[in-house]
Structures are given as C-alpha cells and as structure tokens.
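One structure below.
The values are calculated or read from the model by the stated rules, or taken from the named source; none is laboratory data. Everything numeric here is computed off the predicted structure, so don't read it as measured data. Glycine also receives a Cβ, built like all others from the backbone with ideal geometry; neighbour counts cover every protein chain displayed. SASA here: full protein model, heavy atoms, side chains in, ligands and nucleic acids out. Shrake-Rupley method; radii C 1.70, N 1.55, O 1.52, S 1.80 Å.
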Amino acid sequence: MALLAFHNITKSFGPLVANDDISLSLEKGDVIALLGENGAGKTTLMNILYGHYTADTGHIEVDGKQLPSGQTDAAIKAGIGMVHQHFTLAENLTVLENIMLGTESLWSLSQKQSAAKAKLAKMSEDYGLKINPDARVADLSVGERQRVEILKALYRDARVLILDEPTAVLTPQEADSLFKTLKSLTGQGFAIIFISHKLHEILQISTRVEVLRRGKIVGSVATKDADRAMLAEMMVGRKVERPSLEAMECGKPVVRLNNVTLRDAGRKASKVPKLDQVNLTIHQHEIIGIAGVAGNGQSALADLLSGLTIPNQGTFELLDVPVTQASPSNIVHRGVGRIPEDRHSSGVVGEMALWENLISEDLRNAPVSKAGIIIDRKACVERTNALIEKFDIRCEGPDAETKLLSGGNMQKLILARALAPEPAFILANQPVRGLDEGAIAYVHEQLLAARKRGAGILLISEDLDELFSLCDRICVMYHGKLTQPFDAKSVSTSQVGLMMAGQTMGQTFDQAPDNLNAPVKEPSHAD
Amino acid sequence: MMDILDILISAGFWAATFRIVSPLIFGTLGELICERAGVLNLGIEGIMTMGAMSGWMWVYMGGDLWTGVMFAAFIGAMFGLLHSGFTVYLGLSQHVTGIGITLFASSLSYYIYRMLLPDATTPPKIDPFHPYPVPFLSDIPIIGEALFTQTPLTYLALILVPMVWYVLYKTPVGLAVRMAGENPMAVEAQGINVLSIRTGAVMVGSAFMAVGGAFITMSAFDAFFFGMINGRGWICVALVIFASWRPGKALIGALLFAGLDALQVRVQQTAGAVIPYQFFLMMPYVLSIVAMVIMARKASYPKALLTPFRRGERT
C-alpha cells in the first residue's frame, strides 16, 4: 500500500484546467520530482494535497485512508508538510512563535514555550538544521527562513515533505546544503515531493520524475533512466534550443558608472547604502550580467539606470554625457530601452489597451501626438499593428486589454516598446522570469539581435544558467557592492555562487581592477 | 508656570485624567485587537455611540448596570460581526465599510433613542456607576484619591491592559491573532481558519469599543445625548498607531491625551481671561498630532493590515 496516492485529480479555475486527471503515488524514501513549466499545474496539485484547494473530482489517500479535501489541518494530521515557494512566515515574530502556531489548543491559557524550545533544539540537532529559536524571522537570511519552514513541517511530525521550488531563492551552496538535508531525511524514511523546473537539480535529488504539461502528467521516468535533453523535451513538448552567443568585438562605452553610491531616501536607512561605490562600464556589442541573490541592490541599480533616481555620490554617464536629473522620460529619449523586473506592476497598465501601452514612452513626439498635446489615434494604431506583426504578439488587436495577454506575449509587448526605437543601452531586469521555454528563447534572441546591432545590454538575473549562456561578462552584487566584471568563460558557477553569498567579495572588490574603464579585448565567447 | 505645576500635583487633576482615559482605553484596546488581526475597524466611532446608547437604554428600561454593560458589549460584538462579514468574508474595503458602519451605527442609535423616547425634551437620567473607593488603597494621599476612588469601569479598563497584553503575547490564540495580522497564509498553512480568527478578533474588539461608549453614558455622565462620543473613536484609531500596536504603549498614549485634556480644562480657568478658551480645547489634539508624527515614524504596523484573505484563490 502506497504511503500517499493521488487518484484522478482534476481542478479547474474558470476555463483553465490546472490539473487534468492526475494520478500518482509515492512510498517511504521516495523523492518524486514534479517537473513542468510555469502554469503546468505543479503547485495547484500540491495545494490540493495540502488542503489549500479542493479538487473538482478525484481523491487523495494517505496509508490507504481517504484524506478529507480542502482541510489543511487534516493534511497536517495525516503527516503532510509543505514548504511553500513564498514562505508562510510572519516576519515580525520569532522563529519559535512561527513554529508553535497551531501546535497547541487555541483556548489553552498559556503556551509551553520551554518544552517547545527543547523539542525544537533536539530536532535541530537530529536533522542538522541549526536555528536560533528566539531570532526574529525578519533578521534571518533566505536560507535560514527555509530551514524554519522545514522545521515547522517536521515539528508537526510530517512524513511527506512537499518543497515548492525550494532552490529558486538560494545560492548554489545553500542549495547543496538543502540537498544534503533532504538526502538525510529520505534516509530516515521521509518521502519528498520536489517541485522544480531546473533539470540538473531534479537529476541530482530525485528517484523518479513526473513531468507535467498543461495540467496533465505526460511522462513518468525513473531518474536513473533520464537525461537532461529527454526531460526538457518532455516538459516543453518539443525541442527548444536556446540561442547561443557569437563572438564579437565590443565597441565604445554606452554607460559608465563611476563610484556610484545610492542611499535610501528615508531618514534611518541611510547607514547601509543600497549601492556602495559601484563602478561599471558597458560597451556596445556587449551583454553584462549581474548575478546576485535578490535584494542585494539589483533593484537600486535598475532604478538608477532606468532614470528613477540619480546617484548620491559618483557619476552616471550615458553616451559620455552625465545624467543629472531623475527623469525616466528623459533617459528613454536619450537612448535607454527598459525591460522592468515586474511586468505587471511597472511594465504595463493591464487595464489599458495594447496601443496605449505601446506608445506610453513616446507620448509627446510625432507621429504619436500632434503638437505634443493631441494623440493621433490612427498613427498609434498603425504603429501598434506594425509592432504586433514584427514582434509576433499574439492578441486580438491593438484595442485588446493588455492584462488579457499571456506572460510571454506581454513581455513581447514590452520588448516591442523598448527595442523598436533601437536604444543604445538596454536594461533587462529579470526579462524571462515566469516565462515558458519558447518565450525565453524569443526574449534571448531579441537581446542577442540588439547586441549584434550595437546596443550595450545589462542583464540582471537570478538564474546563473541564463547569465552564463547569454553574457560576455558577469559581475556579482552583494550588499550593494559590485565586483569587477569577470569574463564568463573564465569563472565557474560555483565561484559566482560563493561571491553571491558574500565570500571572497572583499578580495575581488579590493583588487580594484585597472581594466574597469578600458574596453576589454575579446570579452565574448561562443558555446 | 507655577499654576501648571500646582495642577499637576493636585489629586483632582489625576482623578479627572483617569476618568477621561477610561473610554479611550476600552476603544484603543478594541481597535488594537482588530488591527492586530489585520482588520482596520473605522466603525469604532459608531460602535461607541451604539454602546453608549444601548447600555444606557438597558438601564433606563429597568435593567441593572452590569447587565447593561454586557448588553452594550453584545451589541458591539454584533456590529463587529457585521464589519467582518463585509471585510473578512467578502474582502471589501475596510475603510469604506468602517465609515459605513460608523454612519449606520450612530444614526441607528439616535433613531432608536428617539423612537423609544419620543417625548423626552431634556435628556432623561439614570442612576450611573458610583465611585468605589478601594479599601485601604484609597487612603493613600493623592494617589488614593486619584486612582483608587474611581468607578468600577475605570478599574476594569486598567485591568484589561495587562490582560490583553497577556492574551496577545502569552497564549496560543493571541499568537494566532497576531499571526493573522502579519501573514494570514502562515495561519492557514498551520491548519487554522484565518477567517474565524479575524472575525473573532473583530467581534471582541468591537465589544470593547461599545463598553468604552457605555462608560460615557453610564459612568462619566448619566444621560445619552447626540454627538456625545465627539470623536473619541478617531482618537483611539490614532492612539493605536501612536502605540505601535502594543497594549502597554496604548495605555501611555491614552494617559497622555487624557492628561492634556484634563489639564486644558484647568488652565482655561486660570488663563482663560487672556487667551480664548478654544485655544485650550485645541491643545490636546495639536499635541497628539505632534506626538503621532514623532511616534508613527517608528511604528511597525501589522504587515497584513488591510489585506483581505481569501481561501483557495490563486495567487
């Protein structure tokens, strides 16, 4: 009898069938990897198991007993523990409080804090998950928060542990340490469901891979019989090849940051600058990648380069002219194309039509507007039609509401707006986040085409694979500091990973490389 | 200047301060409980009015004082249920719903009052709570008169501060309430129903508010008339921010405001000839705004305040 079994689970959200007749089962010691693209239905299935959602049809059995649907507490009692992709922790409370919630009867008049602390200490010891129970969650690193999430599940005596995209926020070293923990857990009889779209992790950790595509299980293979290419093809449904970088001599500088320091506007936060003496030069025909764990100053750098702020100290030169005024429209007209981090919140206005979004950076210029005050709708629609055609935006037409576009098509719309004027510098901040393989390949092709044309590009990404396949040079950001650019051929993923965790940072930064402002000879590589 | 010092060491001043602070403590604690669970309750002004009317009416109709207080609390809890129906279950705007509850509850109180007492020209009176000198403690000079010769509801208000603190910080249900205001998903993920926790908190908080209103008609005064809550509810909302959502600090903030209020009445009498009395009436509010500006910058508000939580929805 299986420890856990899904039977014919189906779940729809309106017209979208998120899970379509899914059945699978697992035993003690299994590590099942659920592999699939964004929107394939992996998280939905786990949310049904954990009781966040109720399945439309089908049922789940634990030890042969049916699990009541839609009840989180029943799932917990049955021994299911879930580490959510977005951690379910209260930042202002302590680790112990986060773990103790729900473990005692709500109506008891006191909490058994010391007993809980002892139990937690013993568990920390047993599973090798060190944590300070009295620390505030807000003061913990992302890796430590994940540890709290795992401990929270183990504290409730979970036997099946669900991990939803657990490595998305970790450095490679933190991910390795997580894998060690997981291996020791499976050795002790736990079963694990591991959700990911990163193939190398799945091959490393799982015993069996279940591939989901559009809500259906399209394949199930034992990991020992699987390889990367085969899994990728199963996941996407066709062969997709990401474009590769062709060697190219870089040209003259387009962006130059000299000793740029940027502080919070707020009163108190000014102690730690968001950008700390950053030096960076980006040339024509060059893609520079910024690696780093989220929250280390990447968004401050992006704000600066998209004209939202100006440095407190140091200079920002665009095409050899200093930028002295925080003005997005000004910077766009001076030749910057911007692909913002979050396309929904700052990329487009979802409630407005396609054509309105497409002209939004060019409102005052002919032919979009007459005399800078009246919008010429006909000219706008013409331009929109041309861009829809050129960038292959799948939509109902220029008047369609923008929020109805799929993620990939919305990103194409932003690419069309940013790249059509042929900017000299392109800021691409997480340009493929949340996109499927086909759309990722498209975005990468467009960036490479812009590089060929002569644009300088800054690519901010948390995905090291993306950076290594696309960039000429890579810098690492940590606590607002930026390392010198490294030739992407001459550093390894693990070296970059260590720098992302702050190690060796002092050395590399203090070396103050003398080649910072000089064009680098042959910084490119071909795969 | 000497006048003010004289006032500050007089027992009468402190007695007045503790009288003025009582409804503010009930209201502030009530609002604090709601907001800790993640629900802003701007119905407070109306709920206090309703509590003032219903508690008083209960006694006027022949009930005794303590059941009157309980009746007011019950009515307050019902309005809390109404508020959470809209904001917690339907996820509607907490601002709009709260203002709506205030308008509805105040108007309804006046309407019921008029309906039950159509002929009253001068407001009829009840026999309110009388000061209860605590044995022995009330014999202490100054402090005894100031703190231990109050009505029972004032003692209740003061006892509630550590009780609310204990429940919020030392019991499982308090942890669940605080967590619901910080990250409702964390509560859900531990198998606890967020909607019940929030509804419960809003009902208890609203009951506190109503008792605060009842204090005014049943302890501070002996009659109900229109506009007698006079913005105390809004002061409580501000005091919660001043207190950074902590019960102990809420007491300090409320005492500060009440002290200023008691002071201005007395300063009016000595300096009223030189400066118009409206200036003194204004002082507590001005100083509260100043204190707010200073304190609110450091306030750490509950992260999920104003954020509705819906189960089983795609995020």
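Listed values, structure above:
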| quantity | calculated |
| --- | --- |
| A:LYS378 vs. criteria without any contact (Cβ under 8 Å) to a residue 12 or more places away in the chain and basic (Lys, Arg) | yes |
| So A:ALA90, is it under 29 Å from A:ASP139 (Cα atoms), small (Gly, Ala, Ser), surrounded by 15 or more Cβ atoms within 10 Å (Cβ to Cβ) and within 14 Å of another protein chain (Cβ to nearest Cβ) | yes |
| Those helices (runs of 4 or more DSSP H) lying entirely in the range A:447-527 with at least 3 residues within 29 Å of A:ARG263 (Cβ to Cβ), modelled with pLDDT of 65 or more and not β-branched (Val, Ile, Thr) | A:493-500 |
| Residue check for B:GLY181: more than 20 Å from A:ALA116 (Cβ to Cβ) and either within 14 Å of chain A (Cβ to nearest Cβ) or modelled with pLDDT under 95 (or both) | yes |
| Test for B:VAL290: is it open to solvent by 60 Å² or more (accessible area, probe 1.4 Å), away from chain A (no Cβ under 14 Å), within 22 Å of the chain's Cα centre (by Cα) and farther than 30 Å from A:PHE13 by Cβ | yes |
| Any strands (runs of 3 or more DSSP E) falling wholly within the range A:156-234 and containing at least 3 residues that are surrounded by 22 or more Cβ atoms within 10 Å (Cβ to Cβ), within 14 Å of another protein chain (Cβ to nearest Cβ) and among the hydrophobic types (A, V, I, L, M, F, W, C) | A:160-164 |
| Unique match (being assigned to a loop (DSSP other than H, G, I, E, B) and open to solvent by less than 10 Å² (accessible area, probe 1.4 Å)) among A:PRO398, A:PRO423 | A:PRO423 |
| Selection count where residues are touching a helix residue (DSSP H, G or I) at 6+ places or on another chain (Cβ under 8 Å) and open to solvent by less than 40 Å² (accessible area, probe 1.4 Å), scope the range A:126-150 | 10 |
| The one condition in (1) out of contact with any helix residue (DSSP H, G or I) (no Cβ under 9 Å at 6 or more places or on another chain); (2) more than 30 Å from A:SER184 (Cα to Cα) that A:ALA222 fails to fulfil | (2) |
| The lone exception for B:PHE129 - which of (1) open to solvent by less than 40 Å² (accessible area, probe 1.4 Å); (2) within 30 Å of B:LEU8 (Cα to Cα); (3) in a helix (DSSP H, G or I) it fails | (3) |
| Any hit, the range A:115-125, residues being open to solvent by 20 Å² or more (accessible area, probe 1.4 Å) and within 14 Å of chain B (Cβ to nearest Cβ) | yes |
| Within the range B:46-72, tally of residues that are under 30 Å from B:ASN193 (Cβ atoms) and surrounded by fewer than 24 Cβ atoms within 10 Å (Cβ to Cβ) | 2 |
| Filter result (within 14 Å of another protein chain (Cβ to nearest Cβ), over 24 Å from B:THR67 (Cβ atoms) and touching a residue at least 60 places away in the same chain (Cβ under 8 Å)) within the range B:185-234 | B:MET185, B:GLU188, B:VAL194, B:LEU195, B:ILE197, B:ARG198, B:THR199, B:ALA201 |
| Verdict on B:SER109 being under 13 Å from the mean Cα position of the chain (by Cα), of a type in the set (Gly, Ala, Ser), part of a helix (DSSP H, G or I) and buried (at least 24 other Cβ atoms within 10 Å of the Cβ) | no |
| Boolean, A:GLY70 is at positive phi and open to solvent by 40 Å² or more (accessible area, probe 1.4 Å) | no |
| Contacts under 8 angstrom Cβ, first residue in the range A:48-64 being outside the structural domain of A:ASN8 (by TED's automatic domain parsing) and in a helix (DSSP H, G or I), partner open to solvent by less than 10 Å² (accessible area, probe 1.4 Å) and modelled with pLDDT of 95 or more, 6 or more apart | none |
| Elements of type helices (runs of 4 or more DSSP H) in the range A:261-380, at least 2 residues being more than 14 Å from chain B (Cβ to nearest Cβ) and over 30 Å from A:GLN503 (Cβ atoms) | A:328-333, A:354-358 |
| Leading residue by the ranking (nearest to the other protein chains (Cβ to nearest Cβ)) among those in the range A:73-87 that are crowded, with 17+ Cβ neighbours inside 10 Å and under 28 Å from B:TYR169 (Cα atoms) | A:ILE76 |
| Some residue of the range A:108-120 being in contact (Cβ under 8 Å) with a residue 24 or more places away in the chain and within 26 Å of the chain's Cα centre (by Cα) | no |
| Count of the range B:36-77 residues which are in a helix (DSSP H, G or I) and either over 17 Å from the mean Cα position of the chain (by Cα) or touching a residue at least 60 places away in the same chain (Cβ under 8 Å) (or both) | 29 |
| Residue within the range A:272-290 that is under 24 Å from A:ILE310 (Cβ atoms), aliphatic (A, V, I, L, M) and open to solvent by 30 Å² or more (accessible area, probe 1.4 Å) present | yes |
| Members of the range A:120-150 found to be hydrophobic (A, V, I, L, M, F, W, C) and under 10 Å from A:VAL83 (Cβ atoms), listed by number | A:VAL148, A:ILE150 |
